[in-house]
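Down below is the structure, laid out as structure tokens.
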Amino acid sequence: MAAAATASVRDFAHRATSLDPETMAQSILDAIDKAAASRWDAAVERAATLPGELRPEKVRALTDQLSRELAAIGAAAGVAAVAPTVGTTATLMASTAELAWFTTRCGDLILTIAALHGRGTPTVDERRAWVLAVLIYGGTAREGFVTAADGLGAGLGAGATHLPIATLRAVNGVLGRKLMSRYGKRRGVIALGRALPLGIGAVIGGGANWTAVRALAKQADQFFARMPYSAIDTTAIDIGGALPAPRPAT
């Protein structure tokens, strides 16, 4: 029994050191780009069909749906990760795929809550900023966004309400560079936890996803209730020397 436990721990340690931060970062960024670029219409439709009359009821229904879905996926990933017939490469591929799907569905959650708050027809850059801010900062997403924008001269903290599109793109660059140190690190820890032996990984994977989705829904709801700006100005001359930022390097 002790020998088997020791072997399981050794296997877990080997898999843990095999996690590739660059691959993880690329997977997360691709999932955010996918959500921002192609899933807004689906989010609007989802928001319109959620049960309930008032926004809080609809947010609760959405939260229940996605927390159940992603808890089940997290638990299944935990079971698969420690199967004796599954090699390290297959485990890492499954972990990366689960991370990408979790991030995409979190993007769906954030965008659907944006639609429930009556956000109109946001640009892809704006949708990307929303997803990045909530994933990175959670309950302080508004403050984190304002800090990033004000660092580029936007003046949101001083009461400015309109944000030039070029400044928004630069904010996305700032947020993108923070992604792995905040959101990526949290999800990486959970990915390692799912590889724990003796069934512990399934409990960690399912429970962590359940908790994360429910917290994220609350944080997104707070963010859109207190948006840090009124509108994105697509015609204004840029302010503060902010330049359109390329996709952040990882």
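The values are calculated or read from the model by the stated rules, or taken from the named source; none is laboratory data. Given the structure is predicted, the values throughout are model-derived calculations rather than measurements. When we count neighbours, we look across all protein chains shown, and the Cβ atoms used for this are built from the backbone with ideal geometry, even at glycine.
Tabulated values for the structure
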| quantity | calculated |
| --- | --- |
| Given (1) loosely packed, with under 14 Cβ neighbours inside 10 Å; (2) of a type outside the set (Lys, Arg); (3) under 30 Å from residue 167 (Cβ atoms); (4) at pLDDT 95 or above, number of the condition residue 52 does not satisfy | (3) |
| Condition check for residue 72: of a type outside the set (Lys, Arg) and either closer than 24 Å to residue 211 by Cα or modelled with pLDDT under 95 (or both) | yes |
| Complete set of residues in the range 107-165 that are in contact with a helix residue (DSSP H, G or I) (Cβ under 6 Å, 6 or more places away or on another chain), farther than 28 Å from residue 213 by Cβ and part of a loop (DSSP other than H, G, I, E, B) | 152, 154 |
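Listed here are the residues, each with its yes/no results for (1) buried (at least 17 other Cβ atoms within 10 Å of the Cβ); (2) in contact (Cβ under 8 Å) with a residue 60 or more places away in the chain.
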| residue | (1), (2) |
| --- | --- |
| 100 | yes, yes |
| 117 | no, yes |
| 128 | yes, yes |
| 138 | yes, yes |
| 145 | yes, yes |
| 151 | no, no |
| 161 | no, yes |
